[in-house]
1. Could you tell me whether A:L360 is open to solvent by less than 10 Å² (accessible area, probe 1.4 Å) and in contact with a Gly (Cβ under 8 Å, 6 or more places away or on another chain)?
2. If I ask for residues that are free of Cβ contacts under 8 Å to residues at least 60 places away in the same chain and aliphatic (A, V, I, L, M), which ones from region A:361-389 would you list?
3. Kindly provide the set of residues from region A:285-324 that are in contact (Cβ under 8 Å) with a residue 40 or more places away in the chain, open to solvent by less than 20 Å² (accessible area, probe 1.4 Å) and part of a strand (DSSP E or B), ordered by number.
4. Out of (1) within 14 Å of chain B (Cβ to nearest Cβ); (2) within 23 Å of A:H362 (Cα to Cα), what's the single condition that is false for A:G286?
5. Considering region B:37-68 alone, what residues qualify as being charged (D, E, K, R), more than 14 Å from chain A (Cβ to nearest Cβ) and surrounded by fewer than 24 Cβ atoms within 10 Å (Cβ to Cβ)?
6. For region A:131-151, does any single residue satisfy the condition of being surrounded by 24 or more Cβ atoms within 10 Å (Cβ to Cβ), outside any strand (DSSP E or B), at pLDDT 95 or above and away from chain B (no Cβ under 14 Å)?
7. I'd like the full set of residues that are open to solvent by less than 50 Å² (accessible area, probe 1.4 Å) and either in contact (Cβ under 8 Å) with a residue 60 or more places away in the chain or more than 17 Å from the chain's Cα centre (by Cα) (or both), limited to region B:69-96.
8. Restricting attention to region A:102-115, which residues are open to solvent by less than 10 Å² (accessible area, probe 1.4 Å) and more than 16 Å from the chain's Cα centre (by Cα)?
Amino acid sequence: MKINDLPDVRGHFGPYGGIFVAETLMAALEELREEYDKARKDPEFKAEFEYELKHYVGRPSPVYHAKRLSEQYGGAQIYLKREDLNHTGAHKINNTIGQALLARRMGKKRVIAETGAGQHGVASATVAARYGMECVVYMGEEDVQRQAPNVFRMKLLGATVVPVSSGSKTLKDALNEAMRDWVTNVESTFYILGTAAGPHPYPMLVRDFQCVIGNEAIKQMKELAGRQPDCVVACVGGGSNAIGIFHPYLKHPDVKLIGVEAGGSGVESGKHAAPLSAGTPGVLHGFRSYLMQDENGQIIETHSVSAGLDYPGVGPEHAWLKDAHKAEYVAINDEEALAAFHDLCRFEGIIPALESSHALAHAKKIAPTMKKDQIILVNLSGRGDKDINTVAKISGIQL
Amino acid sequence: MSRIAATFEKLKSEGKKALIPFITAGDPGKGYTLPLMHALVDAGADIIELGVPFSDPMADGPVIQRASERALANKVGLKDVLVMVAEFRKANSTTPVVLMGYANPVERMGYEAFSIAAKDAGVDGVLTVDIPPEEAGGVADVFKAHGLDPIFLLSPTTPESRVEEVVRAAGGFVYYVSLKGVTGAANLDTEEVARKIAMIRRHCALPVGVGFGIRDAQTAEAIARIADAVVVGSRIVNEIETAPESEVVNRVKYLVETLRRGVDAATK
């Protein structure tokens, strides 16, 4: 089977993906699948999505040759796909615009979302304000504390933020709670899922909306460097920015794809968020993929300095790409990510998100092993303004 | 004949309806489950639904979520649940036990290995909330091949066109979720439930159980008038949560006796 044919009609990427939800949601997912099927064949939908990306988000986002950083690392040339320059500061908005347009087509006036660090919550609140919809964002109680500025941003944008106190009080519990809301209000409500995970058709439609990243990059690399990169590196939490840049590059089999998971305190410590590197397949949040779980099939707590990567599962397409050896997945620990964060600040004048810093850290590792005329393209998925409190705290600085 | 089929047959011949109480295994502590199961039977339970604790119970409301959290804090996993059922079977060989839980613990054990172990322990039916028939294809067949009834849910949002497909995969009985929402939700509309059950019966020869929103003798009676079985979960779990530990078994027994009277009042 060709990769571009995946997923199958029931959302399977090989053994991964699928629809693992309670019966109450089956009809809603079927409705969403049918509507998306119509929308993606509708030139008007496509045109409006593209218009919004251009005029509201500010796309295309540039590709930038980070010459000083490349020189510093001493090897391959590092290029950055600047998703950090999008409106709201990350790639997340590509997806929320697509889903909000779908919600509007379906006549849903209320949208809900889950969020960890708050980036997807902010992107959802943003589009809800833009299209005049009611917005409720579920956020783990712990994350509400850790990410106070984003909570305030969402409120400024008119959203209601609901702290979730069940389970580990983080992203996965926020996702559980969003699903519960959806089950209860399924007729009036559209669930804007933030990553390329969840039950079918979410992994597919989030990927499709995020593919603008890779499609642009392929064009831009040709213009800027006269060729495609030797490898593309992206961080992987749920995996939406990574699949957005990887998927279009699957047509270029010479380009090596590397997904970077959160290694936390180190994969060997057990305190990490790297299911592809050190997890096992299972079923959570409506789909089958690699998970962080114990021997009884209970989901275990994840650890990462980056809230956006702090998730025990990973999008099903990545699980498939890993097994099919079409992409490689590695882990970068907190310390390495932080060092790369500071490097980009100092050498390029760009404050990267801690999530994206994981991808930068891997580029730092492999660049010296490559020749000077080789190219690494890093997906700089978001900007780091949201992370300055975290970084200050780690550095022992009181802001 | 399976224990579940035999139970419904016997009730039918007696002109009665089934009462199916739910408890989460390991809640409030490991040692409570066995006495609670026997108390449920003494109080008039026809089938026991035993919840398998899971870290991420997406389809459950706060009451059953907390039960799951208490059970996990007591380190109760799927293997322990099977041991509890085997213990229960030593003293009770007639009351069917249905395990209710989520896919991942079963997936982790392996569907085949789980089926063998569950049958061996004396489990009769399995309801994995997040495995709909579309994904269950193979899974439901594995359960059936080992003599386990795959129990499936039908909901207010299930279109008529889908009912047959769900019923085809099902065994034992089908479980109609009377409300949109998670377990523990309120506001039961019995007339609407009656209409849905009539529709389901056009496509389904299996007994139809109804759960969600049944809280007392009155609601139990109202549902028993229209369904073959009445499932009560959150109300019982709430009793377990609020009772002093020394009172848990008695309070649950008293509550289930009340529910039993409600169910029986429907067929008097």
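The values are calculated or read from the model by the stated rules, or taken from the named source; none is laboratory data. It should be emphasised that the depicted structure is a prediction, and the values quoted were computed from it without experimental measurement. No Cβ is skipped: glycine too gets one built from the backbone with ideal geometry, and neighbour counts run over all protein chains shown. Note: areas computed on protein heavy atoms with side chains; ligands, DNA, RNA excluded. Shrake-Rupley method; radii C 1.70, N 1.55, O 1.52, S 1.80 Å.
1. Here the answer is no, as A:L360 does not meet what is asked.
2. If the condition is that a residue be free of Cβ contacts under 8 Å to residues at least 60 places away in the same chain and aliphatic (A, V, I, L, M), then A:I388 is the only one that fits.
3. A:F287, A:S289, A:I299, listed by residue number.
4. That leaves (2) as the condition not met.
5. Within region B:37-68, just B:D42 meets the criteria.
6. The answer is no, given that none of the residues of region A:131-151 is surrounded by 24 or more Cβ atoms within 10 Å (Cβ to Cβ), outside any strand (DSSP E or B), at pLDDT 95 or above and away from chain B (no Cβ under 14 Å).
7. The initial filter retains those residues of region B:69-96 that are open to solvent by less than 50 Å² (accessible area, probe 1.4 Å), namely B:71-72, B:76-78, B:80-82, B:84-86, B:88-89, B:92, B:95-96.
Within region B:69-96, B:A71, B:L72, B:V76, B:G77, B:D80, B:A86, B:R89, B:N92, B:T95, B:P96 meet the criteria.
8. A:L102, A:A103, A:V111, A:I112
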